[in-house]
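Engineer: Sharing a structure, written as structure tokens. Questions coming.
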Amino acid sequence: MALSEQYLEEDIHPIDIVEHIAEHHDWDFDRIAEDQIAMVVEGQWRTYSITLAWSPYDETLRLICTFDMEPPKDRMPALYESLNGVNDQCWAGAFTYWEEAKLVVYRYGLVLAGGNVASAEQIDTMITCAVMSAERYYPAFQLVVWGNRDPQDALQVAIAEAYGRA
């Protein structure tokens, strides 16, 4: 059964759908408020903290996916250059670094203006894309921060095609 088959009504709250998706995937989650949910998703490289919040004011479902990273001060310019390079390649969402919290952050907003309703598949894809993007670029960020690699060189790791099987 498709995720959205349970939601044939028009007035389903987006965070209710997210909660159902989290239960479906067996992710740990906490419904922080009526309009906000936080969950933990295990990836290959990291465990990602994901928060989704619904803003009725601008009819946007906002996603924030974070992971810890504490780069040395002298590597901050290279990290920011890497983030810019990654964002040039991302068509949906963008990465940033929150220095005070020591977090790499992937952000995306799904605008549902005009009373539109997101399907469970759309929201599930939104979460999946956030984790896949974080997984894809995490090695490049690590190479820049801890391997002292040039940002353009490190990004080749993230965008290179893999051939064959391990």
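Engineer: Scan the stretch 139-146 and give yes if some residue there is in a helix (DSSP H, G or I), open to solvent by less than 60 Å² (accessible area, probe 1.4 Å), out of contact with any Cys (no Cβ under 9 Å at 6 or more places or on another chain) and under 30 Å from PRO56 (Cβ atoms), otherwise no.
Structural biologist: If we filter the stretch 139-146 for residues that are in a helix (DSSP H, G or I), which is where we start, we get 139-146.
If we keep only those that are open to solvent by less than 60 Å² (accessible area, probe 1.4 Å) too, we end up with 139-145.
Add one more test, that the residue is out of contact with any Cys (no Cβ under 9 Å at 6 or more places or on another chain), and what stays is 139-145.
If we keep only those that are under 30 Å from PRO56 (Cβ atoms) too, we end up with none.
There is no residue in the stretch 139-146 that is in a helix (DSSP H, G or I), open to solvent by less than 60 Å² (accessible area, probe 1.4 Å), out of contact with any Cys (no Cβ under 9 Å at 6 or more places or on another chain) and under 30 Å from PRO56 (Cβ atoms).
Engineer: Being open to solvent by 70 Å² or more (accessible area, probe 1.4 Å) and not in a helix (DSSP H, G or I) is the filter here; which residues of the stretch 113-138 pass it?
Structural biologist: ASN116, the sole residue that qualifies.
Engineer: Continuing with this model, one more query. Only one of ALA166, ALA154 is modelled with pLDDT under 95, part of a loop (DSSP other than H, G, I, E, B) and out of contact with any strand residue (DSSP E or B) (no Cβ under 8 Å at 6 or more places or on another chain). Can you tell me which?
Structural biologist: From the options ALA166, ALA154, the qualifying one is ALA166.
Engineer: Another question, then. Which residue pairs have Cβ atoms closer than 8 Å, lie 6 or more positions apart in sequence or on different chains, and pair a first residue in the stretch 91-111 that is over 15 Å from THR128 (Cα atoms) with a second residue that is assigned to a loop (DSSP other than H, G, I, E, B)?
Structural biologist: Note: pairs meeting the criteria are TYR97/MET69; LYS102/MET69; LYS102/GLU70; LEU103/MET69; VAL104/MET69; VAL111/ASP58; VAL111/GLU59.
Engineer: Could you please tell me which pairs satisfy a Cβ distance under 6 Å, a separation of 6+ or placement on different chains, a first residue in the stretch 55-76 that is closer than 12 Å to LYS102 by Cα, and a second residue that is part of a strand (DSSP E or B) and open to solvent by less than 10 Å² (accessible area, probe 1.4 Å)?
Structural biologist: As it stands, the answer is THR66/VAL105; PHE67/TYR48; PHE67/VAL104; MET69/VAL104, since those pairs meet every condition given.
Engineer: Here is a list: ALA101, ALA92. Which entry is under 17 Å from the mean Cα position of the chain (by Cα), more than 20 Å from ILE127 (Cβ to Cβ) and surrounded by fewer than 15 Cβ atoms within 10 Å (Cβ to Cβ)?
Structural biologist: Details: ALA92 fails: more than 20 Å from ILE127 (Cβ to Cβ).
It is ALA101.
The values are calculated or read from the model by the stated rules, or taken from the named source; none is laboratory data. All figures in this text were calculated on a predicted structure; none of them were measured in a lab. Ideal geometry is used to build each Cβ from the backbone, glycine not excepted, and the neighbour counts take in all protein chains shown. Accessible surface is based on the protein model in full, side chains and every heavy atom, while ligands, DNA and RNA are left aside. Shrake-Rupley method; radii C 1.70, N 1.55, O 1.52, S 1.80 Å.
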